[in-house]
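Just so it is clear, none of the values below were taken in a lab; they were calculated from the coordinates. Computed from a prediction, not measured in an experiment: that's the story for all the values here. Here Cβ is always computed from backbone atoms with ideal geometry, including for glycine, and neighbour counts include all displayed protein chains.
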Amino acid sequence: MKSVLLILFFYLSFLHTNAQNTIHTPKNKDAEAFKNVLDLKNIERNYLEMDFYFPSKTVAKAAKPSVFPKAKRAALPTNFTHNAIPYNTLKFIDSSFTQGLIWIQNDTVQYENYWRGQKQDSKHISWSMSKSYVSALFGIAMSEGSIKNINQTVDEYLPELKGSGYDGVKIKDVLQMASGIQFTENYSDPTSDINVYWSGFVSGKSQDKFAATLVNQRTPGTFHQYVSINTHVLAMLIVKATGKSLTAYLQEKIWQPIGTESDAYWLVDGEGMEMALGGLNATLRDYAKLGQLYLNKGVYNNTSVVPASWVESSTTATETHLLPGDANSVNGGTGYGYQWWIPAGTEGEYLAVGVFNQYIYVNPTTRTVIVKNSANQNYYDGSNPYRSTEAHLALFRKLAHATIEKAAVKAKP
């Protein structure tokens, strides 16, 4: 009897693992449709159905979902200010083409709403918010001993990158977007490196092979430049070190433990490798759970999921070139940790940020988590205030302090 049960256990385990690695074929494989995925007039719909166009792997929801309680009468503040300019909150939400917004404070949903086709169970593409999930998985792999030390070099784990720009580069510098790799991340320029990468991904080419073509431009560890392929290299390291796909590792180590309410899916290339730098698709509420996990220093429902020390290191700008406004950074007034953005301020805030205005905002001081999904058709217009991360940050800060300000007003004699 024991042997029969043992065989059944291993068979079910095989089925579970195989399901995590099953590649789902897109419903529309027409080449012209691929080209239209990022057409600005189509993105409201397409960001909610990326698996219609691209192959993907499913990340199964938690066996025991965790649901945030809701406040009874919370409301958005009417206005907020950025650079001394007043904004009407609802107009800002509409003008930035918001599709979903959730505001959580003290573990309770203060506000949740959906627009432009997104619903509570819609899976919206994260774009570069995915990078913060990869960082979390990297920290877990470190804690389990699969990866020994971030001061090791990339090629120690990935000999296929010897001779590339990543040869001899420390893992830490890749985590901190200070790899020295030559790369242009201009989304509006069709000839930029990120769009050359995207064109290859759309046609099913290997992301691993693309990473191997990149060259070094600067001394690693001296200059902060955002290079999306750095995150893909981190994912290659995780897969090589753990022996598991990124999807399987996410499901086992994070998606199940944090009590997600819905399945997610991860876009993959023609080799079955996840688009680590931006291909995770999930619901608004489940994105919020990553913010809540980090707010609670890596603990969810009294279970340690990500080491607290990793959360701290990931959300702290250490080296000078990672500090907000440093001259040795191309990213202006925002600092950087391990795949998390760190704005200037005194409240310990940090953000996961995706193109077209995707955000997970965390404020430990006010115990606030905010997630915003968007399909901002004006994103390429640098002068448009409704696409600005700084303006979004001003809104998030207003929300983070709104209940505190309201309570202070009520307390006045």
Subject >> Residue check, residue 299 touching a Leu at 6+ places or on another chain (Cβ under 8 Å), free of Cβ contacts under 8 Å to residues at least 40 places away in the same chain and of a type in the set (Val, Ile, Thr) >> reply: yes
Original post:
Which ones in the range 292-326 are among the hydrophobic types (A, V, I, L, M, F, W, C), closer than 18 Å to residue 142 by Cβ, part of a helix (DSSP H, G or I) and out of contact with any Phe, Trp or Tyr (no Cβ under 9 Å at 6 or more places or on another chain)?
Top reply: 308
**OP:** Tell me which of these residue 72 doesn't satisfy, since it passes every other one: (1) closer than 30 Å to residue 274 by Cβ; (2) in a loop (DSSP other than H, G, I, E, B).
**Re:** (1)
Original post:
What tally of residues in the range 42-69 results from selecting those that are of a type in the set (A, V, I, L, M, F, W, C) and in a loop (DSSP other than H, G, I, E, B)?
Top reply: 7
Original post:
Got a number for residues in the range 83-117 being crowded, with 18+ Cβ neighbours inside 10 Å and assigned to a loop (DSSP other than H, G, I, E, B)?
Top reply: 2
Original post:
Quick one: which helices (runs of 4 or more DSSP H) sit completely within the range 186-249 and have at least 1 residues that are within 19 Å of the chain's Cα centre (by Cα) and hydrophobic (A, V, I, L, M, F, W, C)?
Top reply: 193-202, 228-242
**OP:** Any chance you could count how many residues in the range 163-202 are of a type outside the set (Asp, Glu) and either in contact with a strand residue (DSSP E or B) (Cβ under 8 Å, 6 or more places away or on another chain) or surrounded by 18 or more Cβ atoms within 10 Å (Cβ to Cβ) (or both)?
**Re:** 22
**OP:** Considering only residues that are buried (at least 18 other Cβ atoms within 10 Å of the Cβ) and charged (D, E, K, R), look in the range 379-402 and name the one that is nearest to residue 367 (Cα to Cα).
**Re:** 397
**OP:** Kindly indicate which of 280, 290 is aliphatic (A, V, I, L, M) and farther than 25 Å from residue 148 by Cα.
**Re:** 280
